[in-house]
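Okay, so here's the structure we're looking at.
The values are calculated or read from the model by the stated rules, or taken from the named source; none is laboratory data. Since the model is a prediction, treat every value here as computed from it, not as a measurement. Cβ: placed from backbone, ideal geometry, glycine included. Neighbour counts: every protein chain shown.
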Amino acid sequence: MSIEQVLARHPGRSRDHLIPLLQELQQELGFLSRPAIRQVAEHLGLPASKVWGVATFYNQFRFQPRGRFPVVVCRGTACHVKGSAAVLAALQHELKIEPGATTRDGLFSLEVVACIGACGLAPVIAVGDDYHAGVTPQQVGRILADCRRRAAEDAPTKAAVEEALA
Amino acid sequence: MLRRTPRRKPRSRRRWHERAITQARDCGLLGADILGSGRRLEVKIKQGAGAFVCGEETALIHSIEGQRGMPRPRPPYPVTRGLFGRPTVINNVETMANLPGLFRMGPEAFAALGTAGSKGTKVFALSGQISRTGLVEVAMGEPLRRIVEEIGGGVPEGHVFKAVQIGGPSGGCLPGPQLDIPVDYESLKTVGAMVGSGGLVVMDERACMVDVARYFMDFIQREGCGKCIPCREGTRQLLAILDSLGRGRRREEPAGALERFQGLISLERLARVIQDSSLCGLGQSARNPVLSTLRWFRAEYEAHAYDRRCPAKVCPELLLYEIEEDLCNGCTVCARKCPAEAIVGSRKSPHHIIAEKCRGCGSCLTACPSGAIKVS
Ligand SMILES: Cc1cc2nc3c(=O)[nH]c(=O)nc-3n(C[C@H](O)[C@H](O)[C@H](O)COP(=O)(O)O)c2cc1C
Ligand code: SF4
Ligand code: SF4
Ligand code: FES
């Protein structure tokens, strides 16, 4: 769905449409791009700076594309008590990126959230739609290797590329 | 333990809510003319966008209006001037969920549960280092010990109970001897905690209370909206003091020790100033995680500040890692895992950790196959 189509779902121009609009755009685009921010501002008749100000206030909004496997680490209290800081450190060490960033190959992005909502299973991380419970720093390598393997399996084979080019 | 849950998107949860609303409308329980009574009620769900301070009622209103979620001074209270400038009632979902029972059972039956000042029941979310985790509903005024030990099954075997954190980031930590306190609004206030979110996080001897206080202050400091100065600058200062307690010699400035001592002395006063002068509940309760841990676990603070030790072996920079020569077989695994290149030694001969270089990350400890690495 394009930016215009999302905007068309909100014909109302009042300010209270702003956050739902940003949420729907992020759902469709994966992140809030500069053109998206500008078009929302135009649609609602607000300065782009106001839209930017609101978007950056809330933790939900991202301004960079996520990786193919978005890794979300819970840093809530229950997870902290069960060692989520070490899990995050292990992920940072393995991926060599800080929270909020995406690896160069576009495979992984790293995010931190305040509570995933499964405190009883702490420490919890989510990789895409897969939730991992009771994660230890030692398991991190295996979880990432699993993703890399899946990515390699999905990658087009040499034969397929040649066929497509032929 | 590795578990996979089926594919699930946040969107679908929203659809359940919407389906429930559609069903209620189809049955005539919502809409313009409820069950032919001429009364009208609509339910609309607004999804939050992730900001702790938006739990504060005026910030919540601003967030629904499409603004940054920043609180404003009260009065005017939302009941006189709230959402879009109209009178507004704000309640928690759990409060709403109590209404059907209240109407069905009658007010007397509801008030028969609980204490003089706190009626009815309350749901708590039990988590942390405890045998059984999950949501529990108890009558107000139950002793905390019953929830932790009987319902939750206590801390895992082989561990000792240390503290329970109650009420979410603005709540406080309570030690074992305080467990007999009844869980109600008034009693918890007397010991520096609160019912708050209903979160109960249990900790055993593996948790460091300075680390817990630092963890909460980091959260509060980041989630504060930045509108008023006592909260914005004060929580940052509190965090800096807590940080200095866990900072090892390697990263400490020459005047660091003095700052550390001064910090510990001024901690309480600073916390109270922030409480007295902040605009909203976030700043006003920011002292709870610090003052409650300081009150019940002062010795642990002092070990950090004066002896430069972390008794629970949590604060990485205060730990001393050493290799026991007679246990080390020189496999070199630790040296390869060390991110600081702090481990020296040649193959098949005992290795050695250069204390000045060690960051205390613990990688070598988990990597060593012969258990030669000792922490103190
Ligand atoms: C920083 C802060 C965060 C809060 N977060 C929440 C919250 O997440 N959920 C909630 O119901 N109330 C929260 N509150 C309390 C609300 O402002 C409000 O008092 C409460 O929802 C009133 O509803 P009740 O009377 O039904 O409990 C928060 C208050 C503050 C100051
Ligand atoms: S106390 Fe903190 S969160 Fe509340 S209004 Fe002031 S700066 Fe914002
Ligand atoms: S604790 Fe970490 S930094 Fe220190 S020696 Fe071991 S691996 Fe290296
Ligand atoms: S604290 Fe991690 S899921 Fe709640």
Please go through (1) more than 14 Å from chain B (Cβ to nearest Cβ); (2) over 28 Å from A:Ala126 (Cα atoms) for A:Arg34 and return the number of the only condition it doesn't satisfy. (2)
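Okay, residues lined up against (1) farther than 27 Å from B:Ile166 by Cβ; (2) more than 16 Å from ligand 4 (Cβ to nearest atom):
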| site | (1), (2) |
| --- | --- |
| B:Met217 | no, yes |
| B:Arg222 | no, no |
| B:Ile229 | yes, yes |
| B:Thr235 | no, yes |
| B:Gly246 | no, yes |
| B:Ala255 | yes, yes |
| B:Leu270 | no, yes |
| B:Asp276 | no, yes |
Could you check, for the stretch B:192-203, whether at least one of its residues is crowded, with 23+ Cβ neighbours inside 10 Å, more than 16 Å from ligand 4 (Cβ to nearest atom) and either at pLDDT 95 or above or on the phi > 0 side of the Ramachandran plot (or both)? no
If you scan the stretch B:174-186, which residues turn out to be surrounded by fewer than 21 Cβ atoms within 10 Å (Cβ to Cβ) and within 27 Å of B:Cys54 (Cα to Cα)? B:Asp184, B:Tyr185, B:Glu186
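Condition first: within 14 Å of chain A (Cβ to nearest Cβ) and not in a loop (DSSP other than H, G, I, E, B). Can you find one or more residues in the stretch B:186-199 that meet it?
If we filter the stretch B:186-199 for residues that are within 14 Å of chain A (Cβ to nearest Cβ), which is where we start, we get B:193, B:196-199.
So of that shortlist, the ones also not in a loop (DSSP other than H, G, I, E, B) come out as B:199.
For the stretch B:186-199, residues within 14 Å of chain A (Cβ to nearest Cβ) and not in a loop (DSSP other than H, G, I, E, B): present.
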Being surrounded by fewer than 17 Cβ atoms within 10 Å (Cβ to Cβ) and either in contact (Cβ under 8 Å) with a residue 60 or more places away in the chain or under 30 Å from B:Ala49 (Cα atoms) (or both) is the requirement here; does B:Arg214 meet it? no
Single residue of B:Phe261, B:Phe219 found to be away from every other protein chain (no Cβ under 14 Å) and either touching a His at 6+ places or on another chain (Cβ under 6 Å) or among the aromatic types (Phe, Trp, Tyr) (or both): B:Phe261
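Among residues belonging to the stretch A:126-135 that are farther than 23 Å from B:Phe124 by Cα and touching a helix residue (DSSP H, G or I) at 6+ places or on another chain (Cβ under 7 Å), point out the one that is nearest to ligand 3 (Cβ to nearest atom). Walk me through how you get there before you give the answer.
In the first step, residues of the stretch A:126-135 are kept if they are farther than 23 Å from B:Phe124 by Cα; the result is A:126-132, A:135.
Of the ones still in play, those that are also touching a helix residue (DSSP H, G or I) at 6+ places or on another chain (Cβ under 7 Å) are A:127, A:132, A:135.
Details: A:Val127: 26, A:His132: 24, A:Val135: 20 Å.
Restricting to residues being farther than 23 Å from B:Phe124 by Cα and touching a helix residue (DSSP H, G or I) at 6+ places or on another chain (Cβ under 7 Å), the top hit is A:Val135.
For (1) within 11 Å of another protein chain (Cβ to nearest Cβ); (2) of a type outside the set (Lys, Arg), each residue gets a yes or a no:
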site: A:Thr77; (1), (2): yes, yes
site: A:Gln92; (1), (2): yes, yes
site: A:Gly100; (1), (2): no, yes
site: A:Leu107; (1), (2): no, yes
site: A:Ala118; (1), (2): yes, yes
site: A:Val124; (1), (2): yes, yes
site: A:Tyr131; (1), (2): yes, yes
site: A:Thr136; (1), (2): yes, yes
site: A:Arg142; (1), (2): yes, no
Regarding the stretch A:79-96, can at least one residue be identified that is on the phi > 0 side of the Ramachandran plot, basic (Lys, Arg) and more than 16 Å from ligand 4 (Cβ to nearest atom)? yes
Tell me whether the stretch A:142-163 contains one or more residues that are in contact with a His (Cβ under 7 Å, 6 or more places away or on another chain) and either without any contact (Cβ under 8 Å) to a residue 12 or more places away in the chain or surrounded by 18 or more Cβ atoms within 10 Å (Cβ to Cβ) (or both). yes
Residue list for the stretch B:158-173, restricted to those being surrounded by 21 or more Cβ atoms within 10 Å (Cβ to Cβ) and either in contact with a Ser or Thr (Cβ under 7 Å, 6 or more places away or on another chain) or not in a strand (DSSP E or B) (or both): B:Gln165, B:Gly167, B:Gly168, B:Pro169, B:Ser170, B:Gly171, B:Gly172, B:Cys173
As an exercise: evaluate B:Ser244 against (1) free of Cβ contacts under 8 Å to residues at least 60 places away in the same chain; (2) in contact with a Lys or Arg (Cβ under 9 Å, 6 or more places away or on another chain); (3) farther than 21 Å from B:Pro316 by Cα and give the number of the one condition it does not meet. (3)
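Select from the stretch B:112-130 the residues that are in a strand (DSSP E or B) and within 14 Å of another protein chain (Cβ to nearest Cβ) and write down the one among them that is nearest to ligand 2 (Cβ to nearest atom). Outline the logic, then answer.
Filtering the stretch B:112-130 for residues in a strand (DSSP E or B) gives B:114, B:119, B:121-128.
Applying the additional criterion that residues be within 14 Å of another protein chain (Cβ to nearest Cβ) yields B:123-128.
Numbers: B:Val123: 26, B:Phe124: 25, B:Ala125: 23, B:Leu126: 28, B:Ser127: 25, B:Gly128: 26 Å.
Only one residue fits best here, namely B:Ala125.
One residue is enough: does the stretch A:148-164 have a residue meeting the conditions in a helix (DSSP H, G or I) and within 14 Å of chain B (Cβ to nearest Cβ)?
Going residue by residue through the stretch A:148-164, those that are in a helix (DSSP H, G or I) are A:148-154, A:158-164.
Still in the running and within 14 Å of chain B (Cβ to nearest Cβ): A:150.
Yes: one or more hits.
I'm checking my understanding of the structure. Among residues of the stretch B:3-32 that are of a type in the set (Ser, Thr, Tyr) and part of a helix (DSSP H, G or I), which one is modelled with the highest pLDDT?
From the stretch B:3-32, those of a type in the set (Ser, Thr, Tyr) are B:5, B:12, B:22; that's our starting set.
Filter once more, so that each one left must be part of a helix (DSSP H, G or I): B:12, B:22.
On the way: B:Ser12: 53, B:Thr22: 94.
Checked the stretch B:3-32; the qualifying residue modelled with the highest pLDDT is B:Thr22.
If the requirement is being in contact with a Leu (Cβ under 8 Å, 6 or more places away or on another chain) and surrounded by fewer than 16 Cβ atoms within 10 Å (Cβ to Cβ), which of these qualifies: B:Glu223, B:Glu268? Don't jump to the end; show me each part of the working.
Working: B:Glu223 fails: surrounded by fewer than 16 Cβ atoms within 10 Å (Cβ to Cβ).
Exactly one of B:Glu223, B:Glu268 is in contact with a Leu (Cβ under 8 Å, 6 or more places away or on another chain) and surrounded by fewer than 16 Cβ atoms within 10 Å (Cβ to Cβ), namely B:Glu268.
Being more than 10 Å from ligand 2 (Cβ to nearest atom) and within 14 Å of another protein chain (Cβ to nearest Cβ) is the filter; apply it to the stretch B:61-81 and report the residue that is surrounded by the fewest Cβ atoms within 10 Å (Cβ to Cβ). Give the steps one after another, and end with the answer.
Just the residues of the stretch B:61-81 that are more than 10 Å from ligand 2 (Cβ to nearest atom), to begin with: B:61-68, B:74-81.
Pick out the ones that are also within 14 Å of another protein chain (Cβ to nearest Cβ) and you get B:61-68.
Values: B:Ile61: 22, B:His62: 22, B:Ser63: 25, B:Ile64: 18, B:Glu65: 16, B:Gly66: 20, B:Gln67: 18, B:Arg68: 20.
Here the answer is B:Glu65.
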Can you confirm whether B:Val136 is within 30 Å of B:Val43 (Cβ to Cβ) and touching a residue at least 60 places away in the same chain (Cβ under 8 Å)? no
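Within the bounds of the stretch B:49-58, is there any residue that is outside any loop (DSSP other than H, G, I, E, B), outside the structural domain of B:Val195 (by TED's automatic domain parsing) and of a type in the set (Phe, Trp, Tyr)?
Of the stretch B:49-58, the ones outside any loop (DSSP other than H, G, I, E, B) are B:52-55, B:57-58.
Subset that is outside the structural domain of B:Val195 (by TED's automatic domain parsing): B:52-55, B:57-58.
Add one more test, that the residue is of a type in the set (Phe, Trp, Tyr), and what stays is B:52.
Yes.
Being within 16 Å of ligand 4 (Cβ to nearest atom) and under 27 Å from B:Met217 (Cα atoms) narrows it down to one residue among B:Gly69, B:Gly50; which is it? Spell out how you get there, then give the answer.
Working: B:Gly69 fails: within 16 Å of ligand 4 (Cβ to nearest atom).
The match here is B:Gly50.
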Of B:Ile353, B:Ile343, the only residue that is within 10 Å of ligand 3 (Cβ to nearest atom), surrounded by 15 or more Cβ atoms within 10 Å (Cβ to Cβ) and free of Cβ contacts under 8 Å to residues at least 24 places away in the same chain is B:Ile343
